[in-house]
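The values are calculated or read from the model by the stated rules, or taken from the named source; none is laboratory data. Keep in mind that this is a model prediction, so the values were computed, not measured. Counting neighbours? That spans all protein chains shown, and the Cβs are built from the backbone with ideal geometry, glycine included.
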Amino acid sequence: MNIDISLVIPLYNEEDSLAELTTWIKKVCDSKNYKYEILLINDGSTDNSWNVISILSKENTNIKGISFRRNYGKSAALNVGFEHAQGDVVITMDADLQDSPDEIPSLYDMIIKDGFDIVSGWKKDRKDPLSKTIPTKLYNAVTRRVSGIKLHDMNCGLKAYKSEVVKNIEVYGEMHRYIPVIAKWSGFDKITEKAVVHYARKHGVSKFGLERFIFGFLDLFSITFIVKYAKRPMHFFGSLGTLMFLISFLFLIYIGVDKLFLNKGAKLIANRTEFYVALTALILGVQLFLAGFLGEMIARNSPKRNVYKISHKSNLDE
Ligand code: UDP
Ligand code: MG
């Protein structure tokens, strides 16, 4: 059977929301005659969520469940959902009823009819506490700058993807915040956003605290680095190392010429500030080059060193 839409829903302790959520999705999909599947990924819930999923999936065979033995995080849950999704369009949403299933038809149309790779929800009128919304603004601004992707709301749980996108990207750690960035750097650049309604959480509690912002920024560094330099670490460390050597060299020339020719009676070289600048830069330079060489050795041994995303082939056997 050809499936139009896969709904991928990661959940952690959301027992009270699941029945209402799946009924709502079913209502929307049935009204549009979509062939759909709902993938509920239970991320090691400690409440009754899995029992609820088992019951729901008996009542409606479009509901499929996967359960982790322990809590691995939202990214892991999404990744497993992406692996299993069979639909032409994959839509992710949070399980806590903050995202509205009523958005499904317009998201689906934007992928199928307008031909976008990704449509990201934008919680324009966000129903969350200020402690969350203010840091989020900063974080979105930085991500826009670094990635060049003009989205107001990178980390909205409600997003739609062309199936090819989710089959070609890997989400791990806490990288779900940067799926548009990962996708863009994998070559999917038709990315847009759609303002979506957002509700306050009805049941249960939020699973992410303020540490999300520190982790979020660290992840942004990691993915920028990995995408740009994972296959050529020496270009990153070597450039910085060269800069350090240059600084060191210029300072050494300067104090050398000064002491030998211009100002013979000056202080001892080892008493001069410039000497310490030169020395520190030299040591840093050596360390950066070492990091670069080690990085190259690791990259060379990586089984992924020659893995590229291929979109088309002609006259070549598949
Ligand atoms: N979630 C998950 N694993 C986790 C934490 C959260 O699958 O370790 C799910 C959670 O159940 C919800 C979604 O990710 O469906 C978003 O989480 P939450 O609503 O707590 O985030 P917020 O809306 O507060 O940003
Ligand atoms: Mg939520």
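Hey, among the residues in the stretch 1-40 that are within 15 Å of ligand 2 (Cβ to nearest atom) and part of a strand (DSSP E or B), which one's nearest to Y161 (Cα to Cα)?
I9
Report whether or not V205 is among the hydrophobic types (A, V, I, L, M, F, W, C), under 13 Å from the mean Cα position of the chain (by Cα) and within 27 Å of D47 (Cβ to Cβ).
No: the conditions fail for V205.
To keep it simple, each residue is scored yes or no on (1) within 16 Å of ligand 2 (Cβ to nearest atom); (2) of a type in the set (V, I, T).
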position: K184; (1), (2): no, no
position: I191; (1), (2): no, yes
position: V196; (1), (2): yes, yes
position: G209; (1), (2): yes, no
position: D219; (1), (2): no, no
position: S222; (1), (2): no, no
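I'm checking my understanding of the structure. Among residues of the stretch 82-98 that are near ligand 1 (Cβ under 9 Å from one of its atoms) and not aliphatic (A, V, I, L, M), which one is surrounded by the most Cβ atoms within 10 Å (Cβ to Cβ)?
D96
Pick out the one residue from N140, N79 that is within 16 Å of ligand 1 (Cβ to nearest atom), surrounded by 13 or more Cβ atoms within 10 Å (Cβ to Cβ) and modelled with pLDDT of 95 or more.
N79
What number of residues in the stretch 18-28 are out of contact with any helix residue (DSSP H, G or I) (no Cβ under 7 Å at 6 or more places or on another chain) and either at pLDDT below 95 or farther than 20 Å from K207 by Cβ (or both)?
3
With the requirement that a residue be among the polar types (S, T, N, Q), touching a residue at least 24 places away in the same chain (Cβ under 8 Å), more than 16 Å from ligand 2 (Cβ to nearest atom) and part of a helix (DSSP H, G or I), what does the stretch 52-83 give you?
N79
Scan (1) under 22 Å from the mean Cα position of the chain (by Cα); (2) at pLDDT below 95; (3) within 15 Å of ligand 2 (Cβ to nearest atom); (4) among the charged types (D, E, K, R) for the single condition K124 breaks and write down its number.
(3)
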